[in-house]
Amino acid sequence: MIIWLASYPKSGNTWLRSLLASYYFSSEGNFSFNLLRNIDQFPAPKYFKDVIDWIEKPEDYSKFWVQKQIEINKDKKLRFFKTHSAMCKINEKPFTDSKNTLGAVYILRDPRNLITSLSNHFQLNLEESLDFMTTEKKVLIEKENSKFKAFVPIFSWKFHLKSWSENRSFKTILIRYEDLTNETFYTFRKIVQFIDELTKNGRKFNKEKAKRVILNCDFKKLQKLEQENGFPEAMTKKNSREKIKFFNLGKQNNYKKILGEDLINKMNNLFQEELIKYKYE
């Protein structure tokens, strides 16, 4: 069965994935980027190689989402998957269902801080990034030659958040990125206990290992690892082979110091309901 680590892009999913990979897939709480192989991404091209000839348009991938999850779950092992997909249906085909999913951890980030990370990652200016976040049917498409290799429906930031937070098909815990940043140990313990209750593995929370995990997955250490070894999931700049920094600002990403007053006011109005509901205002 699958446990999803779900989020809108650039919300801290890879940091959470690093913490969980270190806790569940290392003996002592050590960390290297190789550990991330234990928490794969879905949808990803490698799971759809045998059906790519059936894909005439990007949304055709939705026909195979659940089928591929059934195949993944055949060995009845627990698996974590990172996803940026909205919890949605395309042509009446659901992204997942309760037969294939055990639960989900959804990580939420203040959209006013998210926008600067999004801008860096996708090489957009801030206005373009806001348009990205508010486009109702926004999808990420990867194409190679004449073949569509990937299709991820993220939709708008508002829809994405609502689709996972209001889902009742399986248990979902919502975690604010800011809480994981400011109260890392407490928030991480909450996530691990949620996962262990879902899996009924009978484990007790390993306090000392968790402390080592948090130390080894410190954002500055991840930045250093990327600087020294590169990060395989980092995107390449347009018209260049240079990689874009994946672990970019971290705690230094403070919208009040980066965004202009007009953009802040605009975002406050656009996202007022969510900012209040999730105690950002």
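For the reader, a short list of remarks on this structure follows.
- Identity of the residue in region 169-194, closer than 16 Å to Trp15 by Cβ and β-branched (Val, Ile, Thr), that ends up surrounded by the fewest Cβ atoms within 10 Å (Cβ to Cβ): Thr181
Every residue, every condition in (1) more than 16 Å from Ala6 (Cβ to Cβ); (2) touching a residue at least 24 places away in the same chain (Cβ under 8 Å), yes or no:
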site	(1), (2)
Leu78	yes, yes
Ser85	no, yes
Leu102	no, yes
Leu108	no, yes
His121	yes, yes
Asn145	yes, no
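- Count of residues meeting criterion [in a loop (DSSP other than H, G, I, E, B) and crowded, with 22+ Cβ neighbours inside 10 Å] in region 1-25: 5
- Looking only at region 80-109, residues that are over 14 Å from the mean Cα position of the chain (by Cα) and of a type outside the set (Lys, Arg) come to 13 in all.
- If you go through region 66-82 and keep only what is crowded, with 16+ Cβ neighbours inside 10 Å, within 16 Å of Pro45 (Cα to Cα) and polar (S, T, N, Q), you end up with just Gln69.
- Listed conditions (1) of a type outside the set (S, T, N, Q); (2) more than 15 Å from the chain's Cα centre (by Cα); (3) surrounded by 21 or more Cβ atoms within 10 Å (Cβ to Cβ); (4) in a helix (DSSP H, G or I) are all met by Phe31, apart from (4).
- Looking across Glu142, Glu128, Glu197, one residue alone is charged (D, E, K, R), surrounded by fewer than 19 Cβ atoms within 10 Å (Cβ to Cβ) and within 30 Å of Ile258 (Cα to Cα). It is Glu128.
- Any hit, region 146-153, residues being under 18 Å from Lys89 (Cα atoms) and among the charged types (D, E, K, R): no
- Breaking point among (1) of a type in the set (S, T, N, Q); (2) surrounded by 15 or more Cβ atoms within 10 Å (Cβ to Cβ); (3) modelled with pLDDT under 95; (4) not in a helix (DSSP H, G or I), for Thr96: (3)
- Positions within region 60-93 being among the hydroxyl-bearing types (Ser, Thr, Tyr) and either part of a loop (DSSP other than H, G, I, E, B) or closer than 23 Å to Leu198 by Cα (or both), in sequence order: Thr83, Ser85
- Restricting attention to region 47-65, the residues being under 19 Å from the mean Cα position of the chain (by Cα) and β-branched (Val, Ile, Thr) number 0.
- Within region 34-59, the set of residues being of a type outside the set (D, E, K, R), part of a loop (DSSP other than H, G, I, E, B) and surrounded by fewer than 19 Cβ atoms within 10 Å (Cβ to Cβ) comprises Ala44, Ile55.
This table checks each residue for (1) modelled with pLDDT of 95 or more; (2) within 21 Å of Lys279 (Cα to Cα); (3) out of contact with any strand residue (DSSP E or B) (no Cβ under 9 Å at 6 or more places or on another chain).
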{"position": "Ile173", "(1), (2), (3)": "yes, yes, no"}
{"position": "Asp179", "(1), (2), (3)": "yes, yes, yes"}
{"position": "Lys190", "(1), (2), (3)": "yes, yes, no"}
{"position": "Lys207", "(1), (2), (3)": "yes, no, yes"}
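- Any hit, region 104-125, residues being surrounded by fewer than 20 Cβ atoms within 10 Å (Cβ to Cβ), out of contact with any helix residue (DSSP H, G or I) (no Cβ under 6 Å at 6 or more places or on another chain) and of a type in the set (Ser, Thr, Tyr): no
- Residue within region 260-272 that is farther than 21 Å from Phe122 by Cα, modelled with pLDDT of 65 or more and touching a Phe, Trp or Tyr at 6+ places or on another chain (Cβ under 8 Å) present: yes
- For region 131-205, the strands (runs of 3 or more DSSP E) that sit wholly inside it and include 2 or more residues that are of a type in the set (Phe, Trp, Tyr) are 147-153.
The values are calculated or read from the model by the stated rules, or taken from the named source; none is laboratory data. As the structure is a prediction and not an experimental result, all values here were calculated from the model. Don't worry about glycine lacking a Cβ; one is built from the backbone with ideal geometry, like all the others, and counts go over all protein chains shown.
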